[in-house]
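Take a look at the following structure, please.
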Amino acid sequence: MPVLEALRARHPGLDAVFLPLDVSDLASVRSAAATFLKMGHPLDVLVNNAGVAGTQAVSRDGFDLTYATNHIGPFLLTSLLLPRLRESSEGRIVNVASAAHMMVKQIDWSVLARREVPKRRRFSDYAVTKLMNVLHAKELARRLAGTAVTTYALHPGAVASNIWRSLPGPLQWFMKPFMLSNEQGARSPLYCATAPELRGISGRYYDRTREVAPSRLAQDESLARELWQRTDQLLTAA
């Protein structure tokens with residue numbers, strides 16, 4: 001793996017491994033989590049960063065791919081790894097969301113339904129999944145209150161990553177020169193994952209490295225609980 005080789009070249013003796021994971025595939029998520037837990041390694045930080053936009057496909061489990069990748073898979077992975085995170089003296093869960101969540105006026109719960117034919121592909125669906133990321137972090141913070149695990153959601157800025165790979169090529173070529181590099185986009189998740197000044201702070205939303213108020217919907221505690229319950233139920237049935 002080129003990334004592992006580069007890390008080992010920069011940090012000789014680094015104990016790093018590659019764990020295959022397709023976050024849109026629930027079987028893959030469960031397998032990866034089980035493999036990691038069997039390794040016995042501690043877990044201090046989990047960054048949920050996988051994302052797609054503009055897709056028109058159905059996941060292996062029958063969910064629209066944008067929702068499977070951006071919300072359902074990360075929700076399951078977080079739940080499966082949470083026991084190990086709770087063993088940490090200072091565990092952190094970081095959800096990479098987006099300012100796009102502020103576009104959303106309501107959640108149509110049919111977006112979480114299983115289907116055989118893809119239905120969702122608009123940018124508004126990406127925005128809904130990013131609202132779900134913020135709500136997930138908020139509800140996690142409530143459920144983990146009094147523990148050593150804290151949660152964060154953030155907008156890293158517009159990043160020229162492969163998240164846009166489903167968009168038409170000409171549109172990507174126009175957009176990406178105006179976006180942040182992957183390295184620049186990583187600064188915000190790294191900040192939330194490691195900043196000493198965020199110790200003990202949980203459930204907040206950040207734009208780059210600055211705490212800001214999320215949308216009104218993102219602050220709705222009852223909506224956060226409902227999203228949790230609905231996602232948990234569909235995973236129980238999956």
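The values are calculated or read from the model by the stated rules, or taken from the named source; none is laboratory data. Because the structure is predicted, anything quoted here is derived from the model rather than measured. Here Cβ is always computed from backbone atoms with ideal geometry, including for glycine, and neighbour counts include all displayed protein chains. For accessibility, only protein heavy atoms count, side chains too; no ligands or nucleic acids. Shrake-Rupley method; radii C 1.70, N 1.55, O 1.52, S 1.80 Å.
Which ones in region 185-222 are in a helix (DSSP H, G or I) and open to solvent by 30 Å² or more (accessible area, probe 1.4 Å)?
Arg187, Leu190, Tyr191, Thr194, Pro196, Glu197, Gln219, Glu221, Ser222 - these are the residues of region 185-222 that are in a helix (DSSP H, G or I) and open to solvent by 30 Å² or more (accessible area, probe 1.4 Å).
If you don't mind, another one. Answer yes or no as to whether Leu43 is assigned to a loop (DSSP other than H, G, I, E, B), within 22 Å of Thr150 (Cα to Cα) and out of contact with any His (no Cβ under 8 Å at 6 or more places or on another chain).
yes
Residues checked against (1) at pLDDT below 90; (2) closer than 23 Å to Ser79 by Cα; (3) part of a helix (DSSP H, G or I):
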position	(1), (2), (3)
Lys130	no, yes, yes
Gly146	no, yes, no
Leu167	yes, no, no
Ala224	no, yes, yes
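Moving on. Name the pairs: first residue in region 21-42 and closer than 22 Å to Glu90 by Cα, second residue of a type in the set (Lys, Arg), Cβ to Cβ under 9 Å, at least 6 apart or on different chains?
If the second residue must be of a type in the set (Lys, Arg), the pairs left are Phe36/Arg84; Leu37/Arg84; His41/Arg84; Pro42/Arg84.
Can I ask one more? Which of the residues spanning region 32-68 are on the phi > 0 side of the Ramachandran plot, open to solvent by 40 Å² or more (accessible area, probe 1.4 Å) and touching a Ser or Thr at 6+ places or on another chain (Cβ under 6 Å)?
Passing the criteria: none in range.
Quick test for you: out of Ala50, Ala6, pick the one residue that is among the small types (Gly, Ala, Ser) and in a loop (DSSP other than H, G, I, E, B).
Ala50
Within region 17-40, track down each residue that is out of contact with any Lys or Arg (no Cβ under 7 Å at 6 or more places or on another chain) and assigned to a loop (DSSP other than H, G, I, E, B).
Selection gives Val17, Phe18, Leu19, Pro20, Leu21, Asp22, Val23, Ser24, Gly40.
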